[in-house]
Structure formats: C-alpha cells, structure tokens
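This report refers to the structure that appears directly beneath it.
The values are calculated or read from the model by the stated rules, or taken from the named source; none is laboratory data. Because the structure is a prediction, the values reported are computed rather than measured. Every residue, glycine among them, receives a Cβ derived from its backbone with ideal geometry; neighbour counts consider all protein chains shown. Note: accessible area is taken over every heavy atom of the protein model, side chains too, but ligands, DNA and RNA are not part of it. Shrake-Rupley method; radii C 1.70, N 1.55, O 1.52, S 1.80 Å.
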Amino acid sequence: MLSRKRLLIISASVAVVLMAASVLLLAVSNRSAGITRIWTDKPEFITYAELFNASQNTHRVVIEYRQNPAEALIAAKSMPDIVIGPWLKGERSRTKLIPVDYLFNELSISAKLFYRPLLDLGNIQGHQYLLPVSFNLPAIIFSPENQSFIRDDFTISLDAIRETATEFNIQKNGIYTRMGFSPRWNSEFLYLTARLFDARFEEGSPLFIWQQNALDSALTYLRTWTVESNTSTRAEDDFQFKYLYDPPYKLVTGGRSLFSYMNSEDLFILPPDKLQNIDFRWIRKDNSTPITENITYLGICKKSKNLESAEAFLVWFFSEKTQKELLERSRTMGVMDHSFGIAGGFSSLKPVNEKVFPLFYPSLFGHLPPAEMLTVPRILPNAWLTYKKDIVIPWLQEAAAAPEDRVKSVPSLESRISGWLKTH
C-alpha cells in the first residue's frame, strides 16, 4: 500500500486540481447552453473531457468534483447529466439513473467489449443502469530472486501463498529472522480473505448483511495460518515491529519477507526502476480472482438536460480507439506517474486490456487479468467505505488475532454495528 504521507499528498493535490477545474469549467458552463455536466471523484476525467471536447464541435462536457458522487447524487436537488464513480449500485443512488440498454440495441456501444461480470453487476432487474469504467485486482508481490518458491504462473492461490510463505520462514534461537507472510500485516488482506471465502457483504438492514458461516470459515483459516505457519500472533507482531516499516516493494526486495500485498492501482504507479525489481501474481481461491470493490461505474441521470451530449460522450468513451488515445495522453501529460490505466484501473473493455495496456505497462505481458476467473462483489451500500473502515476492518483485526479458545469473547459483528449506530 502507499505510505500514509504519499496518500495524503496525492489526495490533497487531486482535490485542489479538481476544485480549481470545477470552478473554471462551471464558469464556462454558465456562459454556454447545452453543456453536459459530469460529477466524478476521478481527476483523470478532466483530461478525458478536454480530449472529447477537442474531438468534435457539437458537444461539450464539463467536470465537477464530488468526493463521493453516489452520496452527492442522493442528496442532490439539481442533478448532473452523467455521474461517474464507485458505490453507484446502491438502491438509493441507482434510482436516480436511467437505463442505457438502448445504446446496445442501437449498436452505439458494443456490449461484447465488456467483461461480462462487470456489466452484469450494473444490470438491475434486466435493465442496464450502469456501465463499468474501470476496476482493480488484488496482487501478491515478491522478489524475482525468490522465484524458486513460486510454483504458479499468472495467479496464485490463497493456499499456495500460505504454503510457500511457511517454507520461507527461518528461526534462530526461537526468533524469526525471516517470515514469509502474515495476513494480519495488512487489513485489506484480511478483508480479501473474507471475500475469497464468500462472506458476501452487501447492502441490507440495518447497514449491511453478510454470510456468517463463510465469515467464520475465513477466520478459522486465518487463525490456523498464524498458529501453524508463524507460531503465534505475538511472533507475527514482533516480526512486523522489528522489520516491516518499509513500503511493500522494499519489504520483498530486502529479503526479510517473501510476500507483500498490493492492489493493481498502487502496483502500477510504482516507478519503473522499482517495478522491474519485483514480480507479482493475481490472488485466487477456487478459480476465482475477486475484483476489488471500488469499481468505477458510469450512469446517465434522470432529467438530464443534455441527453444527446451525454449519449455522445458515452459512445465516444467506450471505444477501443478512444481509450488508446486516453492512455497516450495520460503518458504524455505524466498522469501515469500517479494514476494507473483508465480512471485509476484496468479498462472495463477487455480488448483494451489485452491489446493496449501491455504497450504502456510492459510488466503486464503474461500478467493480464484472468478474464475467466474474475468475480465481482455484491451490491454494496453507498457509504460502504465508512462502514468498512469503522466496523468491518476493526472487527476482522480483533477476530483474526483471537486464539481459538477466546473466539467467543470477541464481540459479534452485529454488536459492532449496534455500537456504531448509537454514535452516528
């Protein structure tokens, strides 16, 4: 994961740029009729809008920054024409959108270009309300010097991570001098494991629902991993305190650990000199590689004042030719230094990833997303990031660290939700 300092710098810079652009573009929109407004949290769309506007003389789009486009849409009195961002699939936000099936029927956009699981997630009761823009994948990284430990190509199973990490371990006088990996070192990996066991977090009352049996199985697996591979939570914590203070890529190249966890949006913005010194595999379980939850989707809003221009933008954006131009522009303008691919992820268009991405990201040769393995999350509430940060992650951390004989002393996830509701 990115360092906290770097994340804060990037987030602050992005917010400043987007707000400045919003003021400028809104000034233009106030002087011009028929300009399509786009709400998004993705700064990349500023350059995309510029390219679209320059590509023809009929339509104009402007970008307006919204930190959480889904929440902004729910609260809006005056809606934009297009909304782009994560968490738009929730019940309250999707009711603000119109179906766009007709763009497929009129052959304006080819449905065959999309990854089917991503497209299906945006389909509600047989109607396509949302079109996927981009997505990311979970990866395990390691040093090429440790290639002999890796027996998988392209992807690696959860069991294989555990087994090879255990082989890597070295103790001296009962103290670990090398430890391959612990799921507890990264809270996102804990959460990923729950998803791999099909915990099925999704929108529901009072905040969200899940499959408790699957979640219990995931936690048993995590606790067993700690005891059988790394002796104890104390041994894992001691090792982490002593050695794991560098960024993920340094941890694996430094020789103390075999694996680190990263997702693709962080992995592919590493400088080339660092990226060339690591290798990676997409993580799987039972032939399933889960797409990370913050999938970016696009929708056309109800009562759009500029529907024709909104449609024109969609048709332009969802084409192989356009997305290659977008990647070329991102490279020229230096956007790729801090943002991966299309709007911070892999393109939702399969041919773009297969034909175009390796030209800009050579490390993807032989590492393309395994299309037949990709699985999507359930429909999550619009405020999922908050629920996950405040409730799910702290609970997983506590539950994963609990010895088997003290599991029952860990408060339930339901009680965590109840406690959160009392203070919010």
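A few comments on the model shown:
- Entirely in segment 168-286, the helices (runs of 4 or more DSSP H) that have 2 or more residues that are at pLDDT 95 or above, of a type outside the set (S, T, N, Q) and open to solvent by 30 Å² or more (accessible area, probe 1.4 Å): 187-196, 212-230, 233-243
- Test: residue in segment 70-79 that is in contact with a helix residue (DSSP H, G or I) (Cβ under 7 Å, 6 or more places away or on another chain), surrounded by fewer than 24 Cβ atoms within 10 Å (Cβ to Cβ) and among the acidic types (D, E): no
- Residue count for segment 365-415, restricted to those that are free of Cβ contacts under 8 Å to residues at least 24 places away in the same chain and open to solvent by less than 20 Å² (accessible area, probe 1.4 Å): 1
- Among residues of segment 88-99, those that are assigned to a loop (DSSP other than H, G, I, E, B) and surrounded by fewer than 23 Cβ atoms within 10 Å (Cβ to Cβ), counted: 5
- Tally, over segment 367-399, of residues that are in contact with a Ser or Thr (Cβ under 9 Å, 6 or more places away or on another chain) and of a type outside the set (V, I, T): 10
- Given (1) out of contact with any Gly (no Cβ under 8 Å at 6 or more places or on another chain); (2) open to solvent by 40 Å² or more (accessible area, probe 1.4 Å); (3) at negative phi, index of the condition G126 fails: (3)
- Segment 355-364: number of residues that are surrounded by 15 or more Cβ atoms within 10 Å (Cβ to Cβ) and either in contact with a Gly (Cβ under 7 Å, 6 or more places away or on another chain) or not aliphatic (A, V, I, L, M) (or both): 5
- Within segment 125-143, being under 16 Å from T155 (Cα atoms) and part of a strand (DSSP E or B) holds for P138, A139, I140, I141, F142.
- Top-ranked residue in segment 335-354 [being hydrophobic (A, V, I, L, M, F, W, C) and assigned to a helix (DSSP H, G or I); ranked as least open to solvent (accessible area, probe 1.4 Å)]: V352
- Inter-residue pairs, beta-carbon under 7 Å, first free of Cβ contacts under 8 Å to residues at least 24 places away in the same chain and in segment 215-240, second assigned to a helix (DSSP H, G or I) and among the polar types (S, T, N, Q), 6+ apart: S232/T226
- Residue satisfying condition, being open to solvent by 20 Å² or more (accessible area, probe 1.4 Å) and among the β-branched types (V, I, T), within set T322, T289, T332: T332
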